[in-house]
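S.K.: Quick one: this structure, given as structure tokens, is what I'll be asking you about.
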Amino acid sequence: MREQELIVYKEFQKEEGRLLHDMSWLMEHYKDDATAGEGKTRQEKAALLYGCIHRMLEMAGNHGFYGNLWHCYLANLLVNNENSYSMACEVTGRATGTVNRAVLHDIAIFKELFDYDFSDMVKTLSVDVFELVTDYTGSDDAGRVYNSRIRDRICSLAVQFTKDRTPEEMKDTLTGFYKEYGVGKFGLHKAFRVERGEKGVEIVPIRKIAHVYLEDLVGYEIPKQKLIENTEAFVEGRKANNCLLFGDAGTGKSSSIKGIANAYYEKGLRIIELYKHQFQDLNEVIGQIKNRNYKFIIYMDDLSFEDFETEYKYLKAVIEGGLEQKPPNVLIYATSNRRHLIREKFSDKGEGRDDLHKGDTVQEKLSLASRFGVTIFFAAPDKKEFQTIVRELAKRHGVAMPQEELLLEANKWELSHGGLSGRCAQQFIDYLLGRKGNTCQ
């Protein structure tokens, strides 16, 4: 096979690329005698094929793949290969110029790999278990690498490739996939975290994100609308602001961020979660995402600083004030219980001996919060609103309890579990659902 002739789709991760190399070598040399090629005997070639089968079965367990594992493996290579063509096509679906000819050359090679008939190889090498990878039935659970949504997309793409009659059709199918879902980790996943390892700062996918939607958040229509308007402007390429969600604990600030992650994924929105001890990595994170076609929200949950913590200075410079302009595809969203983020004391404004310029101290502490162009307040519900939330959650979860009894128990619960808040209401409903002998509709 012509695996060595690939031009654009050439760089793969080491282990994934090795399987492609070994299978391509077998396609070329399985009939050779021991004096040709690398001088492998028939038994050694059979052992190599068994090893490839083992790796494909391991891949099926890790990724959750099913059906023809060889086809799933090839499709997975194509959807994860971040190259000049695939990244130009993500979201927009367009790439112009000579690169299209180079890509068609590569896709023709992949078409040969997809269409390859293994029957003579397995007969020649006496390997009678190859059907394990051509018609594999997996479990209903997704693997460790992908959730079921992503796994199904790749397995469906592999099936579609086999239906494409020409390299041109296969290229169109792949380009359509890039436009609809993107390429690589940013195309396949909604949310990410930042880790520092041997390779430096890495943006790592969060495999399982909570399926929270904005409509799940009872009440808070004005704050939600303000958040939606800013986010929609961002994903549609219009001017938008960094956003601070502040207010009482348990009022749905973090849930709202999860809600927009789910609501706008299909429009190219991605969320990267960052903690304040990682602010020194902000510039490197932005450097990795600034040239992609996605819209990125860098999300900072429960953001606040004490007097002695100075990490916020990194954040100030990135948001507004550094020499390098923040890329137009990046916004910063933060949640906090504090309106001004940094702890303030009466002594900051009073007459004390520890600070010569009190006004400068106050301005320094206010300057971070002022760089969020949109601030949204989430207030704790009053008793009536709390009861409305409880009733709605009980209805959604099918809790069968007389309303008077439900509200009485909810009032008892909130007195000893943190007070009036949406979080407290949800915890109360979870308690009812988990109680032995609970009655649900």
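The values are calculated or read from the model by the stated rules, or taken from the named source; none is laboratory data. What you see is a predicted model, and the numbers here were worked out from it, not measured in a lab. Glycine also receives a Cβ, built like all others from the backbone with ideal geometry; neighbour counts cover every protein chain displayed. Side chains are part of the model used for accessible areas, which takes the heavy atoms of the whole protein and leaves out ligands, DNA and RNA. Shrake-Rupley method; radii C 1.70, N 1.55, O 1.52, S 1.80 Å.
S.K.: Past 29 Å, Cα to Cα: identify those pairs from Lys224/Lys276; Lys45/Lys208; Lys224/Lys395, in the order given.
M.R.: Numbers: Lys224/Lys276 25 Å; Lys45/Lys208 40 Å; Lys224/Lys395 22 Å.
Lys45/Lys208, as the Cα separations exceed 29 Å there.
S.K.: Would you work out if the stretch 1-87 is rounded, prolate or oblate? Take a ≥ b ≥ c from the square roots of the eigenvalues of the alpha-carbon gyration tensor; rounded if a/c is under 1.5, else prolate when a/b is larger than b/c, oblate otherwise.
M.R.: Working: a/c = 2.84, a/b = 1.42, b/c = 2.00.
Cα axes put the stretch 1-87 in the oblate bin.
S.K.: How much net charge surrounds Ala108 when only the other residues with a Cβ under 13 Å from the Cβ of Ala108 are counted, with Lys and Arg +1 and Asp and Glu -1?
M.R.: Numbers: positive: Arg2, Arg101, Lys111, Arg165, Lys171; negative: Glu3, Glu5, Asp106, Glu112, Asp115, Asp164, Glu168, Glu169.
Once positives and negatives cancel, what remains is -3.
S.K.: Now for a different question. What is the projected area of the convex hull of the Cα atoms of the stretch 38-157, averaged over all directions, in nm²?
M.R.: Numbers: hull surface 36.6 nm².
Dividing the Cα hull surface by four gives the mean projection, 9.1 nm².
S.K.: Beta carbons within 10 angstrom, averaged per residue: use that to sort the peptides 409-422, 118-131, 284-297, highest first. Numbers along the way, then the final one.
M.R.: Working: 409-422: 16.4, 118-131: 14.1, 284-297: 18.4.
Descending packing order for the listed peptides: 284-297, 409-422, 118-131.
S.K.: What is the log10 of I(q)/I(0) for the chain, computed with the Debye formula using one identical point scatterer on each Cα and no solvent, at q = 0.06, 0.10, 0.12, 0.13 Å⁻¹?
M.R.: -0.38, -0.87, -1.08, -1.17
S.K.: State the extension gain, in nm to one decimal, for the chain segment bounded by Tyr213 and Asp115, taking 0.36 nm per residue of separation less the distance between their alpha-carbons. Each step should come with its number before you reach the end.
M.R.: Working: separation 98, 0.36 × 98 = 35.28 nm, distance 4.22 nm.
Going from the current span to full extension adds 31.1 nm.
S.K.: Additional query: Per DSSP helix of 4 or more residues, -39500 (n - 2.57); summed, then divided by the residues of the chain. What does that give at 222 nm, rounded to the nearest 500?
M.R.: Numbers: 18 runs with 212 residues, N = 441.
The helix-only estimate for the chain comes to -15000 deg cm²/dmol at 222 nm.
S.K.: When you count, for each residue, the other Cβ atoms within 10 Å and take the mean per peptide, how do 388-394, 2-8, 52-58 rank with the highest first? Present the calculation step by step, with values, prior to reporting the outcome.
M.R.: On the way: 388-394: 20.6, 2-8: 14.9, 52-58: 17.0.
Put in order of decreasing packing, that is 388-394, 52-58, 2-8.
S.K.: In degrees, nearest 10, range 0 to 90: what is the angle between the Cα axis of helix 221-235 and the longest Cα principal axis of the chain?
M.R.: For helix 221-235, the angle is close to 40 degrees.
S.K.: Here's another thing I want to ask about it. Relative to the Cα centre, what is the charge dipole magnitude of the chain, using +1 at the beta carbon of each Lys and Arg, -1 at the beta carbon of each Asp and Glu, and rounding to the nearest 20 debye?
M.R.: The dipole magnitude comes to about 1020 debye.
S.K.: Could I ask something else about it? Largest first and to the nearest Å, give the Cα extent of the stretch 185-306 along each principal axis.
M.R.: 45, 36, 29
S.K.: Here's something else I'd like to know. By the gyration tensor of its Cα atoms, with a ≥ b ≥ c the square roots of the eigenvalues, what is the shape of the stretch 173-214: rounded for a/c under 1.5, prolate for a/b over b/c, or oblate? Working shown, then result.
M.R.: Numbers: a/c = 3.88, a/b = 1.29, b/c = 3.02.
It is oblate, given that a/c is not under 1.5 and a/b is not larger than b/c.
S.K.: Next up: Is the stretch 125-175 rounded, prolate or oblate when judged by the Cα gyration tensor, a ≥ b ≥ c being the square roots of its eigenvalues, rounded requiring a/c under 1.5 and prolate requiring a/b larger than b/c? Walk me through the numbers before you get to the answer.
M.R.: Working: a/c = 3.08, a/b = 1.14, b/c = 2.70.
Oblate, because a/c is 1.5 or more while a/b does not exceed b/c.
S.K.: Quick one: length gained pulling Asp152 to Ala380 fully straight, 0.36 nm per residue minus the C-alpha distance?
M.R.: Details: separation 228, 0.36 × 228 = 82.08 nm, distance 4.08 nm.
Between Asp152 and Ala380, full extension yields an extra 78.0 nm.
S.K.: Placing +1 on the Cβ of each Lys and Arg and -1 on the Cβ of each Asp and Glu in the chain, which of His189, Asn76, His54 has its Cα farthest towards the positive end of the resulting dipole?
M.R.: Most positive-ward Cα: His189.
S.K.: Under 5 Å between amide hydrogens, which residues at least 5 positions from Phe378 or on another chain qualify, with H placed 1.01 Å from N in the peptide plane?
M.R.: Under 5 Å from the amide H of Phe378: Phe246, Gly247, Asp248.
S.K.: Rounded to the nearest 10 Å², what accessible area does Lys179 show when all protein chains are kept and the probe is 1.4 Å?
M.R.: The accessible area comes out at roughly 120 Å².
S.K.: Sticking with this structure for a sec: So if each residue of separation counts as 0.36 nm, and I subtract the Cα-Cα distance between Glu58 and Glu82, what length gain in nm does that give?
M.R.: On the way: separation 24, 0.36 × 24 = 8.64 nm, distance 2.36 nm.
Result for the pair: 6.3 nm of gain on full extension.
S.K.: On to the next question. Suppose all protein chains stay in the model; what accessible area per residue would a 1.4 Å probe give for the stretch 46-183, in Å²?
M.R.: On the way: 6070 Å² over 138 residues.
I get 44 Å² per residue for the stretch 46-183.
S.K.: Per residue, how much accessible surface does the stretch 258-304 expose to a 1.4 Å probe? Answer in Å², no decimals. Each step should come with its number before you reach the end.
M.R.: Numbers: 1790 Å² over 47 residues.
Result: 38 Å² of accessible area for each residue.
S.K.: For each pair in Lys253/Lys383; Lys190/Lys239; Lys185/Lys226; Lys290/Lys316, compute the distance between the two Cα atoms and list the pairs where it is over 28 Å.
M.R.: Details: Lys253/Lys383 20 Å; Lys190/Lys239 22 Å; Lys185/Lys226 30 Å; Lys290/Lys316 18 Å.
The answer is Lys185/Lys226.
S.K.: Another question about this same structure. Evaluate the distance, in nm, between pseudo-label points positioned 7 Å from the Cα of Glu266 and of Asp32 along their respective Cα→Cβ axes.
M.R.: Reported label-point gap for Glu266 and Asp32 is 5.1 nm.
S.K.: Now, a different point. How many percent of all Cα-Cα pairs in the stretch 70-119 sit more than 16 Å apart? Write down the numbers at each step before the final one.
M.R.: Working: 570 of 1225 pairs.
Beyond 16 Å sits 47 percent of the P(r) for the stretch 70-119.
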